[in-house]
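The values are calculated or read from the model by the stated rules, or taken from the named source; none is laboratory data. Just so you know, these numbers come straight off a predicted model, no measurement behind them. Don't worry about glycine lacking a Cβ; one is built from the backbone with ideal geometry, like all the others, and counts go over all protein chains shown. Protein only, heavy atoms only, side chains kept; ligands, DNA and RNA dropped before computing areas. Shrake-Rupley method; radii C 1.70, N 1.55, O 1.52, S 1.80 Å.
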Amino acid sequence: DKGPYPYYMLKEIDEQPNVMRKLASLYTEESGKPNVDSQLINAMKEADRLYIVGAGTSYHAGLVGKKLFEKLAHVPTEVHIASEFAYDNPLLSKKPFFIFLSQSGETADSREVLVNVNANNYESLTITNVENSTLFREATYTMLLHAGPEISVASTKAYTAQIGVEAILAKALGEAKEQTIAEEFDIRQQLGLVATGMQAIIDEKDVIDDLAKKYFVPANRAFYIGRGIDQTVSLESALKLKEISYVQAEGFASGELKHGTIALIEEGTPVVGIITQKRTANLTRSNLQETESRGAATFTIVRKGLAEEDDTLIIPDVNELITPLLSVVPAQLIAYYTSLNKGLDVDRPRNLAKSVTVE
Ligand code: F6R
């Protein structure tokens, strides 16, 4: 039931603060310690490399996961597009551990990989929103997203829930491996900050509606740019815009744009800079400037601690490792309002199904 919401997507965006609180209370203790299956952590600890597998938005959540597992747990992590992994037979390490990310737990491309993983007796974890789904049943270990049903075709709360679970898991694994950075990372407190921060962004949705009307409704092409973890969010931001508003959008590593793609910038092309990382903030700012001097209509999504006077959307501060949980929310809302203002069916975009059960 949509209740007072015109579309499920807006309802699901709105539910995100509560999902973050729920993950904190289910998967961490009051002391801040992660509350995760110790057998799972032991299995992951034995692995010399993690392989994250997913499709679409879940793949994008995996890209964030790689940063979390490498930084907090110091374990090399690869992220693979399920449909590529299934037939490409990537070279595996001596002791791999597989993590499947899937909202539905039914994505055929991911299932195909898991069948092979099981045939080779490798251990795996499925992180999914649907209990008893195929990927849930067939993996060695499971963790649920507890995000509640996601009805809108465009995935929103599943993406943030996947990142939330990955952060808890990376913290737990990092602690098991006695990594100081993991011991000092208070995920429970951070998820609380994220929940409040998400709510603050959602409360500004009218501002985002105006930005969508001004920049994206008239556009037929757009870019999101960022570096590092912000680059991964730029990919997800562009996917959201493409699938429900039909604006051709690309997410880009901001330093890579000038190596070719900047040729596409025309008068008024929207370019959004995502800036949440101290080390790269000024670099992305100058890349944004390069597009502006070629006519782009630029604006920024910036973490408060890095904000400057003419920034457009300022998002609250959280630990730099989990900024995607906040920086994606304005992008979800931009996609939503662009679609809405174009009079499109936000929840049921053309050519798409909620769960892709063919390879
Ligand atoms: C995008 C979207 C898709 C799914 C993808 C994987 O908004 O929803 O890209 O993320 O089809 O689906 P799951 O996560 O169910 O495996």
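Mind checking whether some residue in region 162-170 is among the polar types (S, T, N, Q) and outside any loop (DSSP other than H, G, I, E, B)? Yes - at least one qualifying residue is present in region 162-170. Taking each residue of region 283-295 that is in contact (Cβ under 8 Å) with a residue 24 or more places away in the chain and looking for partners that are part of a helix (DSSP H, G or I) and surrounded by 18 or more Cβ atoms within 10 Å (Cβ to Cβ) with beta-carbon atoms closer than 8 Å, six or more apart or interchain, yields Thr284/Asp230; Asn287/Leu257; Glu290/Leu257; Thr291/Leu257.
Summed over region 126-159, residues that are closer than 22 Å to Val194 by Cβ, within 11 Å of the ligand (Cβ to nearest atom) and open to solvent by 20 Å² or more (accessible area, probe 1.4 Å) total 1.
Among the residues of region 193-214, are any away from the ligand (no atom under 16 Å from the Cβ), out of contact with any Asp or Glu (no Cβ under 8 Å at 6 or more places or on another chain), assigned to a loop (DSSP other than H, G, I, E, B) and at pLDDT 95 or above? The answer is yes, given that some residue of region 193-214 is away from the ligand (no atom under 16 Å from the Cβ), out of contact with any Asp or Glu (no Cβ under 8 Å at 6 or more places or on another chain), assigned to a loop (DSSP other than H, G, I, E, B) and at pLDDT 95 or above.
Residues are listed down the side, and each one gets a yes or a no for (1) closer than 22 Å to Thr160 by Cβ; (2) touching a Lys or Arg at 6+ places or on another chain (Cβ under 9 Å); (3) not polar (S, T, N, Q):
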position	(1), (2), (3)
Lys22	yes, no, yes
Ala43	no, no, yes
Thr57	yes, yes, no
Leu63	yes, no, yes
Glu70	yes, no, yes
Phe97	no, yes, yes
Thr107	yes, no, no
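Please specify each residue of region 229-277 satisfying the condition of being in contact (Cβ under 8 Å) with a residue 40 or more places away in the chain, over 20 Å from the mean Cα position of the chain (by Cα) and in a helix (DSSP H, G or I). Selection gives Leu264 alone. The test for being at pLDDT 95 or above and surrounded by fewer than 15 Cβ atoms within 10 Å (Cβ to Cβ) holds for Glu46.
Taking region 228-246 as the region of interest, how many residues are closer than 21 Å to Arg294 by Cβ and surrounded by fewer than 23 Cβ atoms within 10 Å (Cβ to Cβ)? Residues meeting the conditions: 1.
Which one of these is modelled with pLDDT of 95 or more and either buried (at least 24 other Cβ atoms within 10 Å of the Cβ) or under 20 Å from Gly62 (Cβ atoms) (or both): Arg303, Arg294?
Answer to the check: Arg303.
When Asn351 is tested against (1) open to solvent by 10 Å² or more (accessible area, probe 1.4 Å); (2) touching an Asp or Glu at 6+ places or on another chain (Cβ under 8 Å); (3) modelled with pLDDT under 95, exactly one condition is not met: (2).
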